[in-house]
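Notes for the one structure printed next.
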Amino acid sequence: MRFSRRMDNLAPYLFAEMERRISDKRKSGVDVISLGIGDPDLPTPAYIVEEMRRQVADAGNHRYPSNWGLPEFGEAVASFYKRRFGVDLDPAKEFFPLLGAKEGLAHVCMALLDAGDLALVPDPGYPVYSGGSIMLGAEVKYLNLRPETGFLPDLEAISEDEARRAKVLFIGYPNNPTAAVVEDDFFERVVAFAKKYDIAVIHDNAYSELTYDGYVAPSFLGVPGAKDVGVEFFSFSKPFNMTGWRIGFAVGNHEILSHLWRLKTNLDSGMFDALQRTAAFILNGPWDFVHEMCEVYRRRRDLLAEALVSAGMQVPKPKGTIYMWIPVPAGYTSASFSEHVLEQAGVVVTPGRGYGPAGEGFVRLSLTTPDDRIAEAVGRIERSLRL
Ligand SMILES: Cc1ncc(COP(=O)(O)O)c(C=O)c1O
C-alpha cells in the first residue's frame, strides 16, 4: 500500500510508544507505577456527571450541532473570561468550541501553515505544536526554554530573517512540560513581537486553573492588543478531570477562529450539544472542585519534592500545572534515567528529550497518581539510585 509522504516525517505521538512499553512490562508481571502521562487519576465530579446524564436524556440535544457552538456555551465562556481574567469577549465572534485543546492546536496549524512556512515552537514543548506543523511540511524553529530564563523563550534571540519568515508562534503558561509560570511582562513582549512581524500567536492555556502557593495565572488575552494577534486555547480536561470527555474551546482573534471554523466544517460536525450545555453549566457553576484538585496536586507535589530531595535529587517546586520538571542525576541522560527507573524500579517517568532537544537532561513527573503510589514510586527510585 502507498501512503502519503506527510506520514514519513510524523513520529508516533510521545505517549503512544510509552503506553506500549508500560503494557509490555505489566504483562510480564511488573507492578508499574506511572508518573508518565498527565491523565488525572480521580474521576470527573458527580455534579458534572449528573448534569451530563440530564442533558443526554434530552432529545433536543440529539441532532447535529453547529460548528460555531451553542450561544449558551459561548455566553458562559465570555462570562467566565470576564470574571476570572477580566477579559471581554464577544461570544458570537471570539469563541469557538473544540473537541479538546489538542484537536484545536493540531487543526489551527492547518489553518495557518503551508509547506515551507516557519513555525516558532518552544523547546521543550507540548509535542502537538511541532507535530502539527511538521505534518504540514512547515519548518520548525525551536525556541530554547532554559531554567536560567524562567523557561520563557528569548524573543530577542530570534534572528530578523526568521522573525520575518515566521507565521505562527506557540506559547503556553503555566507550561507543559517545564511547569513554569509567567510572572513578568512576557505576554506584553509577545504581543509587541507578533505585531512587529505579523505573526499569529497561539497561547495554550490548558493549565491556568491548576496553580499553587497563591499564584493566579493570567490570560494571554488580558494584554492589550493580544486579540489582534492571537488566540487562546482552554481545556476542561485537567481542572475537572475530564480528559476522556474531549471538551475545550478557543477564544480571541476572530480571523483565526473563522478560518478554524471553515476548516472544521469540512472535518467534523461540531461538539455534542449535551456536552456544550454541560460545559456551560460547569463554567457558570461553583469552582470548589477545582480548588480541591489544586490542594490534591499541591500535597502530591510536596510529597514528591521532599522524598526526591532526600534521595539526593534537585527538585524545583512548580507554581502551576500537574507536572514536575526535574534535572536528572549526574551521569544520566533523560532517556537513560527513564530507562533506569523503569527497569530497576518499575516507575514510568517521561524523558525530557521527548519534548524536544532542549528537554535533554530533564525528566517530567506527573502528579496524577494517588499519594500512596507516589510515595511507593519515590521509595523505589531512591533504592534504585543506590544500586
Ligand atoms: C499543554 C497542553 N495543551 C493541550 C493539552 C490537551 O488538552 P485536551 O485534553 O483538551 O486535548 C494538553 C494535555 O496534556 C497539554 O498538556
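Cut-off is 10 Å between beta-carbons; in what order do His203, His259, His107 appear when sorted fewest neighbours first?
Ordered by Cβ neighbours within 10 Å, fewest first: His259, His107, His203.
Which ordering of Lys167, Lys264 is given by a fewest-first count of other beta-carbon atoms within 10 Å? By the 10 Å Cβ count, ascending, the order reads Lys167, Lys264.
Protection proxy ranking of 303-314, 53-64, 142-153, by the mean of other Cβ atoms within 10 Å over each peptide's residues and highest first, is 142-153, 303-314, 53-64. Between Ile37 and Val216, the C-beta separation translates, for a Förster distance of 25 Å, into a calculated FRET efficiency of about 0.40. Residue by residue, segment 307-314 carries 3J(HN,Hα) couplings of 5, 6, 5, 6, 7, x, 9, 8 Hz when phi is fed to the Karplus relation 6.51 cos²θ - 1.76 cosθ + 1.60 (θ = phi - 60°); x denotes Gly or Pro. Amide H contacts of Arg146 (H built 1.01 Å from N, in plane; Pro and chain starts excluded): Phe151, Leu152 sit under 5 Å, all sequence-distant by 5 or more or on other chains.
Would you work out which of Ala279, Pro224, Ala92 lies farthest towards the positive end of the dipole of the chain? Charges go on Cβ: Lys and Arg +1, Asp and Glu -1. In the chain, that residue is Ala279. Looking at the chain alone, DSSP beta bridges between its own residues are antiparallel in about 45 percent of cases. Under the convention that each Lys and Arg Cβ holds +1 and each Asp and Glu Cβ holds -1, the size of the dipole of the chain around its Cα centre is about 800 debye. Dipole check for segment 52-102: with +1 at the C-beta of Lys and Arg, -1 at the C-beta of Asp and Glu, and the Cα centre as origin, the magnitude is about 260 Debye. Size of the chain from its Cα atoms: along the principal axes, largest to smallest, the extents are 60, 55, 54 Å. Put a plus charge on the Cβ of each Lys and Arg, a minus charge on the Cβ of each Asp and Glu, and nothing anywhere else: the dipole of segment 63-284 about its Cα centre is then about 700 debye. Note on Glu50 and Asp302: their simple-model spin labels are 3.1 nm apart, each label 7 Å out from Cα toward Cβ. Compactness of segment 63-284 is given as radius of gyration and Dmax, 16.5, 52 Å, from Cα positions.
Kindly flag which residue pairs out of Lys93/Lys264; Lys102/Lys264; Lys93/Lys195; Lys141/Lys317 have an alpha-carbon separation exceeding 25 Å in this structure. Among Lys93/Lys264; Lys102/Lys264; Lys93/Lys195; Lys141/Lys317, the Cα-Cα distance tops 25 Å for Lys141/Lys317.
Here, each number is a calculation from the coordinates, and none is a lab measurement. Remember, it's a predicted structure, so these values are computed and weren't measured experimentally. A quick note on method: Cβ atoms are made from the backbone with ideal geometry, for glycine too, and the neighbour counts reach across all protein chains shown.
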